[in-house]
Structure formats: structure tokens, C-alpha cells
Amino acid sequence: MRRVVLYEGFERFWHWAQALLILTMMLTGFEVRGLGLHLFGFQRAVALHNILAVTLLVLIVFAIFWHITTGEWRQYIPTRKFLREMIAFYVTGIFKGAPHPVRKHRMAKLNPLQRLAYFGFKVLIIPVQVTSGALYYYYPNLQHALGWPPASLWVIAVVHVLGAFGLVAFLIGHVYLTTTGHTPLTNIKAMLTGWEELEDDAYFDET
Amino acid sequence: MPHPPRRPSPPLLRRALQALLGLLALPFALAQEPAAAPPTAGHGSYTILHVAKSRRQTSDHSKFQVLKGPFKDSDGPAVTRACLTCHMKAAEQVMATSHWTWNIAKDGKDGFGKSTLLVNNYCISIIGGNTESCARCHAGYGFKDKSFDFTKPENVDCLVCHDTTGDYEKEKAGWPNPGVSLAEVAQKVGAPTLKNCGVCHFFGGGGDATKHGDLDDTILKAPRAEDVHMSRQGAGMDCIDCHASDAHKVGGPNYVVPADRREQAKFAGESVSRMSCAACHSDSPHKSYILNRHYQKVACQTCHIPTYARGTLPTNTFWDWASAGRLKNGRGYKEEDANGYEKYNSIHGEMIWARNVRPSYVWYNGTLKFTRLTDRITVPTDGRVILNPAEGSYTDPNAKIWPFKFHEATQPFDPILQRFVAPYTAGPKGSGAYWGDWDWDIAIQKGMATAGLPYSGQHSFVKTTMLWPVTHMVAPKEQALACTECHKRNGLLAQVPGFYLLGRDHGTGVDLLGFGVILLTILGVGIHGFIRFSHGRH
């Protein structure tokens with residue numbers, strides 16, 4: 001076994017900042033929607049939600065820059081390699097104590113399922129939320145200028161809300177799956193400190 | 001007035017000295033105008049505003065020989081003739097306004113005015129023989145029936161709008177009360193104040209606070225919380241500070257011109273009425289961008305007038321003409337409710353009065369469509385006729401959500417000709433007037449004959465609603481509606497149609513779907529985790 005830095009400083013900052021922002025936006029968003037939460041008060045919740053949205057956008061811009069310049073974006077390219085084995089592992093193998101079919105490597109720290117999930121998160125959920133949120137915010141400016149029918153705000157709102165529910169579901173699954181490491185807290189510790197123990201013979205062909 | 005004792009009390013000697021100085025200064029203080037005393041609280045602009053207003057006057061009317069009279073009791077026209085010796089075009093100007101004609105005719109619409117065919121659901125109409133009593137509020141002398149000469153300049157009543165003494169009073173047909181010293185009033189004329197407009201506009205519907213709900217006598221002594229603009233503790237403004245005049249035409253909505261129509265002067269020096277809030281406050285007065293954007297679709301009044309009739313007086317919300325005429329021993333009688341408000345009067349029927357009333361909210365682009373006695377009415381299936389529905393909807397770029405007083409009533413109707421009728425109500429026994437003889441058939445017949453309108457001879461009672469825009473009694477900003485009074489399920493805008501409102505509308509099944517997805521995820525994760533941990537492995 002050897003200890004390596006699997007998650008660099010910026011990556012960890014980006015991950016946890018994004019987690020905090022999205023969590024707070026969930027709370028403020030569901031309070032504004034009137035789902036029974038009374039944490040910030042409506043007016044403050046709206047203001048906070050919008051400020052956090054801009055903050056998240058800035059963070060995403062930095063993250064994209066980081067991913068491009070470091071080449072880390074390649075980590076998210078979806079692959080079919082070992083995909084079937086991963087699914088089999090989560091459906092049956094994990095209960096029998098079977099070994100993890102994919103070993104982590106500095107250059108391939110995500111298994112094929114993670115790649116799919118995070119890729120989807122980045123190119124689907126986040127863009128949908130950003131776009132629908134921006135349309136929602138600028139609706140009063142756009143509505144008459146573009147001659148949209150009155151029902152369009154309803155459509156925007158529903159898309160945004162469904163995206164939010166999707167995020168909550170993602171969060172639950174995501175947090176649960178962090179417990180599937182060596183010990184339930186191994187993965188979270190790695191995401192906090194950056195360090196993770198990888199097996200000595202870990203080798204992954206980079207192509 | 002002593003300063004409020006905020007600081008710790010000074011030593012005895014200093015206090016004694018101060019008291020002595022105070023006594024010495026007392027004669028000077030007493031010699032000053034009492035009006036110069038600063039208001040006790042609020043913005044304090046009242047004093048400044050009114051000093052500025054009195055400074056603007058360029059003549060002292062008490063020095064004019066022609067105003068010294070003597071004038072005979074009630075001889076208003078003699079005073080007017082005196083006024084016209086200097087202000088020779090004034091009567092001509094007044095006679096071109098609706099304060100004089102009580103008749104609005106514009107853009108091919110006709111008959112919208114008190115002196116013509118307009119119907120309301122308070123006193124119904126003046127033209128069925130009630131003109132003489134109603135014309136107490138006419139800006140003229142002698143308007144008692146159709147024979148009134150609307151072209152005679154000396155019949156214009158200058159004093160009702162320009163009296164500054166508060167002693168001037170009008171009687172039937174608009175004649176001055178014989179007890180008023182006309183010379184004294186004439187020598188102290190000035191620009192109209194709240195009182196001048198209020199003598200009529202506070203008393204619409206036949207009594208203080210009755211009609212509008214956002215205008216009543218209590219405004220004259222209102223604390224700032226009742227009306228930030230007109231309260232002396234607030235801005236201390238007069239009606240004409242917003243309802244600016246142009247050649248005696250006082251700015252204001254009337255029956256055929258939209259109310260919220262003009263925001264800014266189109267060119268320098270144009271006399272515009274400042275009847276929209278934005279004319280003074282701009283269209284983005286809040287710090288919050290999001291609040292400012294509400295201006296597109298929500299009238300300022302909607303949030304800033306949370307309730308109307310916020311003075312001590314109740315306004316009439318229901319007037320049931322159908323139940324009028326119950327008699328005890330052949331005489332009319334009155335009954336009061338627990339609050340001391342008149343709940344029954346034989347001459348009006350049952351009534352409901354209320355204070356601090358939450359308005360109803362409606363899309364409104366500034367135009368109300370009024371009903372005339374000549375309009376053929378199809379009574380809707382719910383039996384309720386809206387006499388002046390508001391125009392506008394979400395898709396109308398000029399419409400906003402506005403607060404209204406909804407006034408409910410029942411009133412006489414001709415079911416054969418399908419028209420509203422103008423009964424003769426105010427008159428003595430034997431005249432045929434309803435309040436004298438208690439007979440609707442005769443009263444309506446007489447009224448319609450006087451009005452020169454056809455009547456089938458049959459009457460019924462129809463439920464009617466009138467919409468009165470609420471725009472006065474603006475509350476201090478701390479009392480403005482909170483977001484969640486509308487942005488919640490079943491909030492104040494629960495019934496306002498045509499658009500998606502955050503917090504109110506959820507979309508059928510959207511939340512159900514969302515929570516379903518979350519629940520399934522939790523279930524899946526739970527089962528997976530349970531099996532994992534119950535097998536003792538991870």
C-alpha cells in the first residue's frame with residue numbers, strides 16, 4: 001500500500017464549496033417554493049438563493065479552468081470498460097465481499113459508474129439548473145421583449161424544481177455510495193484530506 | 001415645548017437657571033405663530049411645506065375692497081361676481097371641468113357622470129329627483145334639477161374650494177349656509193387644502209368614510225400610520241400636491257380616463273397630475289432589484305396599503321336596498337350593531353360597515369367600465385352584476401394587480417327593460433319619494449319620469465358590486481405587505497388569475513413526482529445499505 005494525494009487542494013476546495021453552495025440553495029429554494037421550511041424567511045431566502053447562484057457560477061468557471069489546464073477533465077470521459085462489472089459489483093458482489101472490480105489510480109480515480117454519474121451531473125443537471133434559473137430570474141425582463149406566453153414561467157419553474165428534486169436524489173445516492181469504501185468513512189476522509197491509500201500494484205492503462 | 005429628557009438630568013442649579021430662562025423666553029414664544037410649532041413626530045416636512053405655500057401667495061385678499069361686501073346671506077353669486085372682477089377667466093375654466101358639469105363625455109362615450117346616466121350602488125343616481133340634496137357637493141349655486149343653467153358664470157362656487165377658514169358650508173342645491181359670513185370667507189381665500197376637497201370627497205355615498213374607504217375625515221388629524229402623505233406627522237401634503245390642476249382642471253381619474261396613466265411630464269413645464277407614485281418616487285424606489293421589478297405587474301398600492309379604512313371610521317361594504325322600508329308603527333327606524341355602526345335603517349336597508357379592511361386584488365390597467373341607466377344588462381347566472389368591472393389581465397402590459405374596495409349591494413332593477421332604475425328617494429311624505437311614502441313602484445316611476453327614461457312598471461332587486469380603487473391611506477413602509485402574504489398557498493393573491501406565482505402555484509403533481517423520486521432513492525439506498533451491513537460486509 002502507498003499513500004498518494006488523490007484530490008488536490010483546489011479540487012477539494014471546489015468540491016466542498018460546491019457542496020455547501022448547493023445544499024444552501026436546496027434549503028433556500030425549497031423554502032421559497034413553500035414546502036414548509038422556515039429557515040431564513042422568504043425575502044432573505046430569495047436574496048441568498050440568487051447570491052449563491054452567482055457564487056456557484058463563479059466557482060464553476062474556476063473549476064472548468066482548472067479541469068482544462070490540468071487535463072483532469074479526462075477523468076470524466078465516460079467509458080464502457082468495466083461498466084458491467086461495476087453494476088454487477090453493486091447489485092450482488094458487494095454483499096458477498098467480492099473485490100472492487102476497478103482499482104483507483106492517480107490518473108483514473110473514478111470508476112465507470114462515477115464517470116457516468118458525474119459526467120451527467122456536469123453536462124445535464126448543472127446546465128439545466130443554471131439555464132432555467134437564469135431564465136427564471138430574468139423572466140420579467142424577457143417576457144414582454146420576447147413575447148412569451150404567460151405559461152412559459154410555469155414551464156421554467158417546473159423544470160427548475162424538477163432539477164432541484166433530481167439534485168436531492170443525486171445527493172442521497174452520492175453520500176450513500178461514499179460509504180462503500182474500505183471503511184464507511186474512507187472515501188469522505190480522502191475527499192477531506194486529499195490522501196488515499198492505493199494498492200501498490202495498482203496499474204491502469206491510460207488510453 | 002421642553003426637550004424630551006433623553007440626557008441624564010442636570011444638576012439642580014442648572015435646571016433652575018434653565019427654568020428661569022424659559023420663563024423669560026415665554027412671551028417671545030407666545031408671540032410666534034402657533035403653526036410654527038414643529039410636528040411631534042415623523043418626517044416633519046408639513047411645517048416647511050406650508051410655510052413655503054403661504055410664502056408663494058402674491059396678494060392679500062383681505063385688502064381687496066370688492067371682497068368686503070357686504071354680501072347678503074347665501075348670496076354666493078355676488079361673491080363670485082366679485083372674484084371674477086380680477087380672476088375674469090376663472091369661472092370659464094371651472095365650467096369646462098367635471099367638478100362643474102358632473103358629466104363626462106369623451107371619445108364618443110357619453111352619460112358618464114353624476115348629473116347624467118351613471119349608476120352606482122350607494123345612493124344609485126341623482127337624476128331621479130334627488131339632485132337638490134346631492135348638489136350640496138356641486139361646485140355651483142342653485143343646481144336643483146334639470147333646469148339649472150350650466151352657462152352662467154356667477155353660479156360657479158369659488159369658495160367651496162378656496163375657503164381657508166373652514167367656516168364655509170353648503171346647503172341644498174349648493175347654496176351657502178345662511179349662517180356663513182361670506183365676506184369673511186371671501187377675504188381669506190387661498191389654495192385648496194385637504195379640507196376643501198374633503199368636504200365632498202370624504203363624504204361620498206352620503207356620509208363620512210361611506211364610499212371610498214381610503215378617504216375620510218380622519219385624514220385631517222391622522223397619525224402618520226394612517227396616511228404617510230397627508231398626515232401632518234408625515235409629509236403633510238395636500239390633495240392638490242398630487243392632483244395638480246391645469247386651468248382649474250384638477251388632475252384625477254374620471255369615469256372614462258384611465259387612473260394610472262401618466263408618470264412624467266412629456267416636456268418641461270407641462271402641468272401633469274402626479275397621480276402615479278412613480279412621478280415622485282421613481283419606478284425603482286427599493287434597494288432590492290427584485291422588489292423594484294414588482295413594479296411591472298404590481299401596483300405600489302397593493303403592498304403599501306395593506307388595509308383601508310385605517311382611521312377610526314368604518315366604511316360601508318354592503319348596502320341592501322332590497323330590505324329597506326321596514327317600518328315600526330308606520331315610521332322608519334334605525335338599528336345599530338355591537339360596534340355602534342348602523343346595521344339597519346328603513347331608508348337604506350341593511351348595511352355592513354368595517355374598519356381596517358383587506359382590499360380585494362384585481363388586474364387593472366387604469367380603466368373601469370361603468371354602467372349607465374340606459375345600458376341593457378344581462379344578469380349573470382350568479383345573479384351578481386359588476387357595475388364597473390376593471391379592465392386588464394396578466395398579458396396586458398399596462399395592467400397591474402391593484403387593491404380595490406369591493407362594495408356589495410342590492411338595488412332596484414327593471415327586469416322587463418333590463419336596465420337599472422333611478423328611484424326618487426329624498427323627499428317628504430306625499431311627494432312620492434321613497435323616504436316619504438315607502439313605495440318603490442311610485443318612487444321608481446317618479447324617478448324615471450323626472451329623469452326622462454322609460455320604465456316598464458315592474459321592478460326587482462339585483463345584486464351588484466362596485467370596484468373602488470384603493471390608493472390613499474398609504475401606510476409607513478414597515479407596514480407594507482410581507483412577501484409571504486402573496487407568495488404562499490392561499491395567500492392574498494390566491495384568486496388573481498393568469499400567471500404563475502412563486503410560492504402560490506406548485507403545478508399539479510410536480511412536488512409529488514419530486515418527492516416520489518427522493519423517496520425511491522432513499523428506499524433503494526436503505527435496502528442496499530441494509531443488506532450490505534446485515535451481511536457484515538461493506
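So how much slack lies between residue A:98 and residue A:2, counting 0.36 nm per residue of separation and subtracting their Cα-Cα distance, in nm?
Details: separation 96, 0.36 × 96 = 34.56 nm, distance 2.19 nm.
Once the chain is fully extended between residue A:98 and residue A:2, it gains 32.4 nm.
So what is log10(I(q)/I(0)) for the protein assembly as shown at q = 0.10 1/Å, when the Debye sum runs over its Cα atoms only? The computed values of log10 I(q)/I(0) come out as -1.07.
Using only the C-alpha atoms, the convex hull of the stretch B:387-491 corresponds to 193 Å³ per residue.
Counting only other residues whose beta carbon sits under 10 Å from that of residue B:286, what net charge do I get with K and R as +1, D and E as -1?
Values: positive: B:287, B:293, B:477; negative: none.
Its environment carries a net charge of +3.
Each residue of the stretch A:90-102 is assigned a 3J(HN,Hα), and the resulting list reads 6, 7, 10, x, 4, 6, 9, x, 5, x, 4, x, 10 Hz, derived from the Karplus form 6.51 cos²θ - 1.76 cosθ + 1.60 (θ = phi - 60°), x at Gly and Pro.
Between residue B:517 and residue B:449, the distance separating the two model label sites (each 7 Å from Cα on the Cα→Cβ line) works out to 7.7 nm.
Which length gain, in nm to one decimal place, applies between residue B:200 and residue B:375 when the Cα-Cα distance is subtracted from 0.36 nm times their residue separation?
On the way: separation 175, 0.36 × 175 = 63.00 nm, distance 2.78 nm.
Full extension of this stretch gives 60.2 nm more.
Within straight-line reach of residue B:297, meaning a Cα separation under 24 Å, sit the following lysines at least 8 residues removed in sequence or on another chain: B:266, B:287, B:369, B:400, B:405, B:477, B:488. The modelled label-to-label distance for the pair residue B:64/residue A:175, using points 7 Å beyond Cα in the direction of Cβ, is 8.2 nm. Arranged from fewest to most other beta-carbon atoms within 10 Å of their beta carbon, B:131, B:58, B:218 become B:58, B:218, B:131. Screening chain B for DSSP H helices whose Cα atoms reach 20 Å or more along their own axis and whose mean Kyte hydropathy is at least 1.6 gives B:510-534. Packing, taken as the mean count of other beta carbons within 10 Å per residue, orders the peptides B:389-399, B:417-427 from highest to lowest as B:417-427, B:389-399. With a Förster radius of 51 Å applied to the C-beta separation of residue B:165 and residue B:479, the computed FRET efficiency comes to 0.90. Starting from the Cα of residue A:62, step 7 Å toward the Cβ, then list every residue of the stretch A:7-39 with an amide N under 15 Å from that point. A:8-22, by backbone N distance to the label point. By the helix-only formula, in which each DSSP H run with n ≥ 4 contributes -39500 (n - 2.57) and the sum is divided by residues, chain B has a 222 nm mean residue ellipticity of -6500 deg cm²/dmol. With 0.36 nm allotted per residue and the present C-alpha distance subtracted, the residue B:78-residue B:50 stretch has 7.0 nm of extension available. Need the C-alpha centroid separation for the stretch B:501-527 versus the stretch B:48-80, integer Å. What the calculation gives is 74 Å, centre to centre.
Within 10 Å of the Cβ of each residue in A:138-144, the mean number of Cβ atoms contributed by other protein chains is 3.
In peptide A:41-48, what is the residue-averaged number of other protein chain Cβ atoms found within 10 Å of each Cβ? The partial results should precede the final answer.
Numbers: counts 3, 9, 7, 1, 1, 7, 3, 0.
The per-residue average across the peptide is 4.
For the segment B:525-531, counting C-beta atoms of other chains within 10 Å of every residue's C-beta and taking the mean gives 3.
Only counting other Cβ atoms within 10 Å, I'd like B:336, B:226, A:85 sorted with the fewest neighbours first.
Details: B:336 11, B:226 23, A:85 15.
Ranked by crowding around the Cβ, least crowded first: B:336, A:85, B:226.
When shorter helices are ignored and each DSSP H run of at least 4 residues is given -39500 (n - 2.57), the per-residue value for chain A at 222 nm works out to -19500 deg cm²/dmol. The base-10 log of I(q)/I(0) for chain B, evaluated at q = 0.08, 0.11, 0.12, 0.13 Å⁻¹, reads -0.65, -1.11, -1.28, -1.45 [Debye formula, identical scatterers on Cα atoms, solvent excluded]. Sorting B:386, B:126, A:22, B:531 by the number of Cβ atoms found within 10 Å of their own Cβ, with the fewest placed first, yields B:531, B:386, A:22, B:126.
Which of the trypsin sites (Lys or Arg not before Pro) across the stretch B:282-311 are loop residues per DSSP, with 11 or fewer other Cβ within 10 Å? Intermediate results must be reported in sequence, preceding the final value.
Details: sites: B:287, B:293, B:297, B:310; in loops: B:287, B:297, B:310.
For trypsin sites (Lys or Arg not before Pro) across the stretch B:282-311 that sit outside H, G, I, E and B with at most 11 neighbouring Cβ atoms in 10 Å, the list reads B:287.
Would you mind getting me the FRET efficiency between residue B:290 and residue B:386? Use the beta-carbon distance for r and R0 = 35 Å, nearest 0.05. My answer for the efficiency is 0.55. Estimated from the Cβ-Cβ distance and a Förster radius of 30 angstrom, the FRET efficiency linking residue B:280 and residue B:490 is about 0.30.
Around residue B:357, under 11 Å between beta carbons, what's the net of Lys plus Arg minus Asp minus Glu among the other residues? Here the charged neighbours net out to +3.
FYI, it's all coordinate maths here, none of it is from the lab. Bear in mind that the values here come from a model prediction, so they are computed numbers and not experimental data. Methodologically, a virtual Cβ is constructed for each residue, glycine included, from the backbone with ideal geometry; neighbour enumeration extends over all protein chains shown.
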